[in-house]
Amino acid sequence: MMGKMQALGTRVLRILLGGVLLLSLGACSVMNIFDDEEDEAQKPMELADFEPELRIRKDWSIGVGNGQGKLYNRLQPALYGEAIFTASANGSVQSINASSGKRLWKADVDTEISGGVGVGGDLVLVGTAKGGVIALDSASGRELWRAQVSSEVLAPPAADWDVVVVQTLDGKLTGFDVSSGARRWTQDSSMPLLTLRGTAAPLLVEGVVYAALANGRIVALKADSGTLLWDGRIATPQGQSEIERTVDIEGQPLIVGSGIYAVSYQGKLGALNLANGRAMWARDASSYEGIAEGFGNLYVSEASGVLSAYEIAGGALRWQNDQMLRRQLSAPATVESYVAVADLEGYVHFHSQADGHLMGRVRADSDGVRADMIARGERLYVFGNGGSLICYKVEKL
């Protein structure tokens, strides 16, 4: 029953209609969802037994406020140099030594955090549920400036040494001066009537902002001015109802070589040319998470709970693992020669990048894991919904 209620809560909170929760779709629709959730087939799949091939050792663990809080937040940690930066929904921002787990500084921004953490240009950045952007000094945690945007911030801001870029729930992108927080530009996008509750984090690379949108498109903008460079499509809405036509891109796009890759909900996994936004290839897929790469593959946590590997060059399906159906998988992370995903019950599953078979499993947080995990070398950093940041070391048995 607990697994069904968690899944239901997630679905209700994730879908918005014109800024109103799913209840605005009507009593009949809500009752249908409850009926579906009562169906035994909608329960998360039981975990399969397997022969472990990995030693997964907890190196250190530290508490970070109240974690994701009571709403469906996906507050991401950020690794920058020798520090990992984290934020909790109740306003705690912390800097932690990535090797030892020692806390370097802690700041309280005295407001509810809904988007973060972004790092760049010596800034640590978080967004708030009331449409605020807060910049802290990465070395000390001292607050430098605050700015206001048009709506809730649900994704980490991006920054370099010149500009901070924020994407908001209403589909707007806003650029701020990195030193003062003064607004430089705003770019609007056409929003569909129905969207998932979330936004992708923008990418800021060599003076260009790449942003994935709720309409299934990716845009490239000049970071200093907001001027549009190109507009490319990953997914095209299909179907008769607004629910069927939902093609949000919620996971951060991934740049590999000359391509930018992204996956949409009930749409496509696609590749666009980084220079002009022209489509390179597309494959049917559905996910509301980001993607990872390794071994020449792109790894996708499908909305169904299937973990899939597609070739970067051409998008051919390499392998799939269907042992985690309906377990609400996090974005994949590649650590050494393994690909890891976490689930709604807080288990982290380690798979072979070569063929997808399960090699190891550890439980990080009984409240579940939604935030993207971070890998560096043999270490994997996992931020549980309950507020524990854990560093694991992974070794072959």
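The values are calculated or read from the model by the stated rules, or taken from the named source; none is laboratory data. Please read all numbers here as calculations on a predicted model, not as lab measurements. Cβ placement follows ideal geometry from the backbone for every residue including glycine, while neighbour counts extend to all protein chains displayed. With ligands, DNA and RNA removed, areas are computed over all heavy atoms of the protein, side chains included. Shrake-Rupley method; radii C 1.70, N 1.55, O 1.52, S 1.80 Å.
In summary, residue 240 fulfils each of the numbered conditions (1) surrounded by fewer than 20 Cβ atoms within 10 Å (Cβ to Cβ); (2) closer than 21 Å to residue 292 by Cα; (3) not hydroxyl-bearing (Ser, Thr, Tyr) with the single exception of condition (2). Whether a residue is open to solvent by 30 Å² or more (accessible area, probe 1.4 Å) and either in contact with a helix residue (DSSP H, G or I) (Cβ under 6 Å, 6 or more places away or on another chain) or of a type outside the set (Val, Ile, Thr) (or both) was assessed, and residue 321 does not pass this test. Residue check: residue 139 meets all listed conditions (1) touching a strand residue (DSSP E or B) at 6+ places or on another chain (Cβ under 6 Å); (2) closer than 30 Å to residue 393 by Cβ; (3) open to solvent by 30 Å² or more (accessible area, probe 1.4 Å) but one, namely (1). Scanning segment 112-128 for residues that are within 16 Å of residue 168 (Cβ to Cβ) and surrounded by fewer than 24 Cβ atoms within 10 Å (Cβ to Cβ) gives 112, 128.
Residue 151 - would you say it is more than 20 Å from the chain's Cα centre (by Cα) and either open to solvent by 10 Å² or more (accessible area, probe 1.4 Å) or not hydroxyl-bearing (Ser, Thr, Tyr) (or both)? Here the answer is no, as residue 151 does not meet what is asked. One residue stands out in segment 345-397 among those that are in a loop (DSSP other than H, G, I, E, B), out of contact with any Lys or Arg (no Cβ under 6 Å at 6 or more places or on another chain) and among the hydrophobic types (A, V, I, L, M, F, W, C): the one that is most open to solvent (accessible area, probe 1.4 Å), namely 354.
Pairs are defined by a Cβ separation below 7 Å, a sequence spacing of at least 6 or placement on different chains, a first member in segment 60-72 that is touching a residue at least 40 places away in the same chain (Cβ under 8 Å), and a second member that is outside any loop (DSSP other than H, G, I, E, B) and among the hydroxyl-bearing types (Ser, Thr, Tyr); the pairs so defined are 61/388; 63/388; 64/86; 64/92; 65/92; 72/10. Taking segment 289-311 as the range and being in contact (Cβ under 8 Å) with a residue 40 or more places away in the chain, open to solvent by 30 Å² or more (accessible area, probe 1.4 Å) and in contact with a strand residue (DSSP E or B) (Cβ under 7 Å, 6 or more places away or on another chain) as the test, only 293 passes. The residues on offer are 210, 265, and the sole one that is under 21 Å from residue 157 (Cα atoms), out of contact with any His (no Cβ under 7 Å at 6 or more places or on another chain), surrounded by 22 or more Cβ atoms within 10 Å (Cβ to Cβ) and hydroxyl-bearing (Ser, Thr, Tyr) is 210.
Here is the figure for segment 80-113: residues that are aliphatic (A, V, I, L, M) and either over 22 Å from residue 143 (Cβ atoms) or modelled with pLDDT under 95 (or both) total 1.
Output yes when any residue across segment 370-393 is within 26 Å of residue 78 (Cα to Cα) and in contact with a His (Cβ under 7 Å, 6 or more places away or on another chain), and no when none is. Looking for residues that are within 26 Å of residue 78 (Cα to Cα) and in contact with a His (Cβ under 7 Å, 6 or more places away or on another chain), one finds none in segment 370-393, hence no.
The single condition from (1) farther than 17 Å from residue 68 by Cα; (2) surrounded by 24 or more Cβ atoms within 10 Å (Cβ to Cβ) that residue 131 fails is (2). In summary, residue 231 fulfils each of the numbered conditions (1) closer than 20 Å to residue 165 by Cα; (2) part of a loop (DSSP other than H, G, I, E, B); (3) open to solvent by 50 Å² or more (accessible area, probe 1.4 Å); (4) acidic (Asp, Glu) with the single exception of condition (2).
Within segment 320-343, residues that are within 21 Å of residue 392 (Cα to Cα) reach partners that are of a type in the set (S, T, N, Q) and assigned to a loop (DSSP other than H, G, I, E, B) with beta carbons closer than 8 Å, at six or more positions or on different chains, in the pairs 334/353; 337/353; 338/353; 339/353; 341/330; 342/330; 343/328; 343/330. Taking segment 192-207 as the range and being surrounded by 16 or more Cβ atoms within 10 Å (Cβ to Cβ), at pLDDT below 95 and touching an Asp or Glu at 6+ places or on another chain (Cβ under 8 Å) as the test, the residues that pass are 192, 194, 195, 196, 198, 199, 200.
Only one entry in 133, 149, 164, 109 is touching a strand residue (DSSP E or B) at 6+ places or on another chain (Cβ under 9 Å), closer than 22 Å to residue 389 by Cβ and among the hydrophobic types (A, V, I, L, M, F, W, C), namely 109. Within the set 158, 147, 182, the sole residue that is within 17 Å of residue 250 (Cα to Cα) and at pLDDT 95 or above turns out to be 158.
Apart from one condition, residue 314 fits all of (1) in a loop (DSSP other than H, G, I, E, B); (2) at negative phi; the exception is (2).
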